[in-house]
Amino acid sequence: MNHSAREEQWAAWMRAAIDGDKQAYQRFLEAVVPHLRGLAKRRCEQFRAPASEAEDVVQEVLLAVHLKRGTWDSLRPIGPWLSTIVRNKMIDSLRRRGRHINVPIEDVIETLEAAEETEAMDLRDAARLLERLGDPQRDIVRSISLNGAGIRETAERLKMTEGAVRVSLHRALKTLAALYRSNEREN
C-alpha cells in the first residue's frame, strides 16, 4: 500500500472511530503505532536524545491522539496531524529532560568521596519516605527506581498495564518530591 493510500485508510478508520466505531479505532491504532515509532526514533536521532526516549514519546502521542482525536479536521490529511503531535511530544520530553549530559559513573567514580554515614542516613530517610506511599506506588518505585527493573517487567509482575505503571511511577515520584521538600523544611 502506498503512502497516500495508507493515510487515506487511517483517515477512514479515524472518521469511523470518531463516530463511535471501536473496531475501526483499534485498527487505526494498530496501523499507526509502527509509523509513530519510526517518527519518534527519527526525532530522537535528530535531537540527539537517547533511543529509549522514543517509546515514551509514542505512549504520550497515543494518549494525545486518544484525548484530542475530536480536534482532527477530517477534511485534512491525517499524516501531518500525527507528525505534529510526535514533534510536540518530543519537544515536551526534551524540555522535561533538559539538556543534561549523561556521564557514565565509571568515568568519575574515583573523584567521588565516600560518605558512608551520610549514605546510611539518606537510605533511612528514603525508606521512611517510601513507607508513606501506598500500594502499588511503593512497589513500583522500589522495583524501577531502586531495583532497576523495567516498566514492562514491573507491569507484568504487578498485573498492570505499562501505561498504568508509568502514570503511577510519575505520581509516586511527584509525591516523594513533595514529601522530601516538606521534610527538608521541617529540619
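A few points about this structure:
- The lone criterion from (1) buried (at least 16 other Cβ atoms within 10 Å of the Cβ); (2) within 23 Å of THR161 (Cβ to Cβ); (3) touching a residue at least 40 places away in the same chain (Cβ under 8 Å) left unmet by LEU63 is number (1).
- Filtered residues of the range 66-86 (kept if crowded, with 17+ Cβ neighbours inside 10 Å, in a helix (DSSP H, G or I) and either charged (D, E, K, R) or more than 15 Å from the chain's Cα centre (by Cα) (or both)): ILE78, GLY79, TRP81, LEU82
- When every residue of the range 1-21 is checked against the conditions, at least one turns out to be in a helix (DSSP H, G or I), acidic (Asp, Glu) and touching a residue at least 24 places away in the same chain (Cβ under 8 Å).
- Set LEU146, LEU112: member being out of contact with any helix residue (DSSP H, G or I) (no Cβ under 8 Å at 6 or more places or on another chain) and at pLDDT below 70: LEU112
- Qualifying position, being farther than 21 Å from ASP56 by Cα, part of a helix (DSSP H, G or I), open to solvent by 40 Å² or more (accessible area, probe 1.4 Å) and not aliphatic (A, V, I, L, M), among ARG157, ARG128: ARG128
The values are calculated or read from the model by the stated rules, or taken from the named source; none is laboratory data. Everything quoted here is computed from the prediction, not taken from an experiment. With ideal geometry, Cβ positions are generated from the backbone for all residues, glycine too; neighbour counts draw on all protein chains shown. These area figures cover heavy atoms from the full protein model, side chains too; ligands, DNA and RNA do not enter into them. Shrake-Rupley method; radii C 1.70, N 1.55, O 1.52, S 1.80 Å.
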